[in-house]
Amino acid sequence: MLDYQKTHPRSHPRVPAAVGAGSPSQSSPAHDAGAPSEGTSPSTVPGPAAPVPDAGTRDAGPSTASAHEWIWLLQDDAAPAPDALERLLDAVERSTTAMVAGCKQLDWDQPRKLVDVGLKASRFFDRFALVNLDELDQGQHDGRSDFFAVNAAGMLVRRDVWDKLGGFDPALPGPGDDIDFCARVRLAGHRVLVVPAARIFHVVDRANPLGSPTAARRAAIYTRLKHAPLWELPLLAGGTALSAVYWLFAGFLLKAPGHTVQMFGATFAGLFRPVALARGRRALAGSRVQSRSAHKGLLATPAEARNQLKSLREAVGPDEDPADPSQSGPSILEPTGDIHHEAVTPLAASRTAPLVSALGLVVLLAVLSLVVFGRFLGASALTGGGLLPVSAQLGSVWQHATDWWVSLGSGLPGRGDPFNFVLWLLGAAGFGNASAAVLWLVVLAIPLSAFTGWLAAGAFSRNRWPRLVAGLVWAGAPVLQTALGEGRVGALLAHVLIPLVVLGLVRAAGGAVTAHAPTGLPPEAGRGATAASPRSTPKLPRPTFKLGRPGVDHNPSWTAAAAAGLALAAVTAAAPTLFPLAVVAVLLATIFLGRRGRTMWWSLVPSVALYLPFAWSARANPRALLGDPGVPLAGHPGPLWQQLLGFPNAVAPMPDLPAGGAAWTWAAVLLVGGPVVVAAFLALFAPLRRSGTVRTLWLVALLALAVAYGSKLLAVSLDGTTLATPFNGPAVSVALFALLGAALLGFDAVYHRAYGPSGSAGRPKGGSRATAVVLSIFLVAAPVASLGLWTVDSLRGHAAGLAGASLVAPSDAGTLPATAADRGTGPEASRTVVLRVLPGGGVQATLMQGAGTTLDAMSTIASAADITGAPGAEAVRAPDAAAAMLRETVAALMAKSGVDPRPEFLQLGVGFVVLQKGDTAAELVAGELDAVPGLDTVGPTDSGWLWRVQPTYQKSGATDVVNRVRLVNAKGDAVAPVPSHGTGVDTAVPAGDAGRRVVLAERYDPGWHARLNGKELTAVKDGWSQAFELPAAAGRLEIRYVEPWDGLMGLAQIVLLGLTVLLAVPVRARRGWAGAYRDEASLHKVGRGV
């Protein structure tokens, strides 16, 4: 301050040039763009007609001299003009009631660019400068004088007013202290002037956490509550909290999760400051001499605030893309889904829309699929391989997805498979019939794959023919045919959805190709927005930064990241082995792409949310996390070179071939899988515009092959007595699509050079066209040969081909007879032992619940429960007491020993025995079962021979079938059945003898809880069964399985998946909506590129 006065002496006749040291302010807050920084220097200036205070005067304490002293606040990021102080003192000399005066704020780098000329606040104390982006100082605001507030930088305050009000509020160590101070000045009966003639140059782009939007939000909330009437305080606080919640969800919908979450936290940080708020309100009440009507006419009106924000949003919104001159004809519209741009943008244009060609390919492949799978049409479900029917009711599918108790056999603790949520969605799409939806998914898997492959190819090519070739190659992949033949619905669904995941991730990083992007040339570096001028030329005007078009031109897209996350959640639920691969790939991309990859991490959020409860329940046996959904099925992984060509299982020589059949087989393998690998390899060394993308895709392919190879090292289930490893097909699909993307980039460059407009500048196209034709022939021949061989093998029945034999067959009959199914799903919850005579003469016994084992009832936790040992050294675990009882009881049945099996069946809850139909051996076994005591013959059914187990309850006539839950007396004798309610019990029980127990045909686990009339019962073991001590009194009995973390994990799932859906919902942008979630200061920062 002293240096400034020495170099710029004032000529004011009534004010001495000397400047004394003033009293320090209570805080030295740091601001960005128009508020005091840590360098704020309060200095006292002798006022008009006042003597310079000497040391004695100042030592004497407060005196009349302080009433004529002024404090001038300067900052280390602002420099006043030479005549700024003189202009301020002239203004306060002419207005005796003005106790605060402020300067016109100009940009440090661009001296003619306005920052603010006075400040206004809304009725909720949101700060407004009411200056547009890049608005130049042309004197348009020089008429301003009496204003609500002025910027703290260069603020001139009379010292006695400063001391009386206590300076800036220490609870506002950032933006907003000037608004609050000036508001208190006016309530104290004084005026605030802005002096446009006094100029100060401010560094507005200074990075400072105290000048961040979150600090401004905290300050605005605190000031709002501080200045509100007492009766409004609870209403205002509640409304602010509700508004914060609203804007949290609206911000996700408008694709600004980071800014929204910060503002949400800042709002509640401003709300929960009771001590500081009470102190500030008390100080305000002590200094106020006027009512709040003193602010009337000086606050920003709602129309002013609304128009200002709209103007700024339009200024930073993206420009409309000009029409592509190289395109002619109609265009197809493709949604981008982000708020920062129009929801539809030209995808391509030609004589016919590219979608027409894609639909033609889809229809052609759909006809082929209907011909091949015609035998499935009209069936109610599919069985065989890894397939089973799905529960008839969607409620049952949802229950199996969310239950913490696995209802297989005698039950065991475990969360339902995440894939059950996918089955539920399929069922909802199939109008409640999930089995039919799975059937049609199998039938239409090939055309669906062609369509998703064509969609994803649009991220790498804008040309029609290369995209069609990519869709055809993806539809004819051998790995898809293997999944179809073996009934691996998870791998099949993953193959269909993998292109959508890749498309979403590419767009999330802003890497999608645009219609105007050059082919074969290096991309322009930088963001889609206009770049700022370098600091080396500060005097040149800087163009306004604009929010770029998300998904392209290196502009990240939250919508694409969220959509990719939802698709990835379905993929990882269907193929769990892909989750580690996805984590590694996404995290590496997030790290190495920098700003472009800042949205990609969200693509992992849905998968984490979906797997969180399941992973918690599988913590005792983590191998279950990698198990495939469906019936356990052992695979036969082929060597890596075959997997590189797209064949997950080892290829065996095809039968019925002429001499040298093995050579013909390997020739077919190379023809089917070789072209894509060769084209991808050539693209790796070609000088392409997107050569970095090609290398990235090769890296993904190698990572996927490593996962495919490593999957055979870990057993996760039992196929009969054979250890089964995770299916390597999904990892092979990822590798294949990565190679297809690399090949497509190379093929597209050749095709564009041969047929695109860039080759019309006098260059010969013959060589390029010949190369494009050769590549087209080989790339088309591969899927045509693959689909042709597969069609021939499928029409011949279950003959083995390159992709293996078909194990899937249509099914109309249920797994269990109707009688057993009705009692299994009713209050009796009876179980059924299903016997199947094996080809070797043995008998396989399965204990089924409900209407029979369904696809949604399968559990990878149950499948992995019988495996123990380290990876590579696994062994089958010895059966526990429940499994041993079932084995011994079935063995006694087959031994024709005449032993009554009902005591064991009663403990197991078995009410029926079914023998599946078979050959003569099965008929002999049926005759032997007729002679077993305690079994009543029902007769043959569509599902096999049926016997009913006679119950042995002491209470006669209670039921004609064994129930899952029973009452036993002190001696352990079964007294009466107890009806079930789902997996638990909710019924009235009569009074009985002391010492009785209620026993469930479920394995003992601490998670089971029971209450009688609301009082907790003691859990005990009854052999291997779960039991509870039951008092003699009658009452309401409730039994259920409880997971303590269920509520918290369920809430986390709802929040994370709900926010992801909000991010993924496409929102059509309207003019002025860009940045609708930002305030004025934040929009100014966007426009300046900060």
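Full extension of the chain segment joining residue 431 with residue 583 gains 51.3 nm, where the gain is 0.36 nm per residue of separation less the Cα-Cα distance. Considering all C-alpha pairs of segment 62-144, those separated by over 23 Å amount to 34%.
Fewest neighbouring Cβ atoms within 10 Å first, the residues 482, 832, 854, 889 line up as 889, 854, 482, 832. Taking 8 Å as the Cα distance limit and 6 or more residues as the minimum spacing, I'd like the relative contact order of segment 965-1041 as a percentage. For segment 965-1041, the relative contact order is 35 percent.
Sorting 141, 981 from the fewest to the most surrounding beta carbons within 10 angstrom yields 981, 141. I need the shape label for segment 130-215. Rule: rounded when a/c is under 1.5, else prolate if a/b > b/c, else oblate, with a, b, c from the alpha carbon gyration tensor. Oblate is the answer for segment 130-215, as a/c is 1.5 or above yet b/c matches or exceeds a/b.
Taking 0.36 nm per residue of separation and subtracting the Cα-Cα distance, full extension of the segment from residue 289 to residue 1018 would add 255.4 nm.
Packing around the peptides 896-906, 442-452, taken as the average count of other Cβ atoms within 10 Å per residue, puts them in this order, highest first: 442-452, 896-906. When the Cα atoms of segment 112-269 are aligned to their principal axes, the ranges along those axes come out at 45, 38, 26 Å in descending order. The orientation-averaged projected area of the convex hull spanned by the Cα atoms of segment 440-503 comes to 3.8 nm². The shape of segment 666-735 comes out oblate: with a ≥ b ≥ c from the C-alpha gyration tensor, a/c is at least 1.5 while a/b does not beat b/c. Remark: 169, 880 ranked as 880, 169, counting other beta-carbon atoms within 10 Å and listing the fewest first. Annotation: peptides 970-977, 784-791, 736-743, 621-628, ranked by per-residue average of other Cβ atoms within 10 Å with the highest first, follow the order 736-743, 621-628, 784-791, 970-977.
The order of the peptides 382-392, 1042-1052, 74-84 by mean Cβ neighbours within 10 Å, most packed first, is 382-392, 74-84, 1042-1052.
P(r) tail, segment 209-283: Cα-Cα pairs separated by more than 17 Å, 45% of all pairs. Across all directions, the shadow cast by the convex hull of segment 965-1041 built on its C-alpha atoms averages 4.3 square nanometres.
Between residue 306 and residue 921, residue separation times 0.36 nm minus the direct Cα-Cα distance comes to 213.0 nm.
Judged by the gyration tensor of its Cα atoms, with axes a ≥ b ≥ c, segment 697-755 is prolate; a/c meets the 1.5 cut and a/b is the larger of a/b and b/c.
Readers should treat all values here as calculations from the given coordinates under stated rules, not as data from a laboratory. Model, not experiment: these values are computed from the prediction. All Cβ positions, even for glycine, are placed from backbone atoms using ideal geometry, and neighbour counts span all protein chains on display.
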